[in-house]
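One structure below.
The values are calculated or read from the model by the stated rules, or taken from the named source; none is laboratory data. Everything quoted here is computed from the prediction, not taken from an experiment. All Cβ positions, glycine included, derive from the backbone under ideal geometry; neighbour counts span all protein chains shown. Each accessible area value is taken on the protein alone, full model and side chains, heavy atoms only, with ligands, DNA and RNA left out. Shrake-Rupley method; radii C 1.70, N 1.55, O 1.52, S 1.80 Å.
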Amino acid sequence: MEAIAIPQGFRVTPEQFEQLAFAEQLARLELTDTGELIVISPTGGTAGRKNRRLTQQLGNWADRDSTGEVFDSSTVFILPSGARRGPDASWIKLEKWNQLTQAQQDGFPPLAPDFVIELVSPSDLKNQRYEDLQLKMQEYLDNGVKLGWLIEPSAKIVEIYRYGQPVEILNNPQTLSGEDVLPGFTLDLIEIFTA
């Protein structure tokens, strides 16, 4: 099969996006609210390990807490703006999740998670995607996400995005609190920053 180059700013309809996303298994796809197709290459080993640790810590807490559902980076959500986005890890209140039909749960869930994490990978830095991730975090807030963490492991920086508040930047934090969105959840960053 011949590879195609997708020009920056390439636009597709939501229906075309769904066809592409289900057919293309080698890369993650996202769609902006303006119809721009974004191709996200698979992560390398370092980012994959760190992302697994993030999702595992969040999942372990959610299993004990039982108030919501955790999703990994393979889940794409249809945000209220129409964008299709897949955070590296996310959490949705159980009541919100249970309001969806089975078909909505089986497809791309049409909602914004309550909480999201984006992990800056080495390829994000290499391809100068950091600013794109910051815009993506703001897009999450604009669509109803209550709390988001943008984690940059190599610089040991975390940007905390809260609905209706300015971004808070932490340098080399050891842990992060889920605050009132994820009461009782604490993310241990030692393995994320050192792994």
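Within segment 33-58, restricting attention to residues that are modelled with pLDDT under 80 and open to solvent by less than 30 Å² (accessible area, probe 1.4 Å), the residue that is nearest to L150 (Cα to Cα) is I40.
Residues in segment 154-195 that are under 18 Å from the mean Cα position of the chain (by Cα) and modelled with pLDDT under 95: 2 in all. Close Cβ contacts (under 7 Å, 6 or more residues apart or on different chains) running from residues in segment 49-60 that are among the aromatic types (F, W, Y) to residues that are at pLDDT 95 or above are absent.
Of all the listed residues (V116, V145), the sole one being touching a Ser or Thr at 6+ places or on another chain (Cβ under 6 Å), within 22 Å of D33 (Cβ to Cβ) and of a type outside the set (F, W, Y) is V116.
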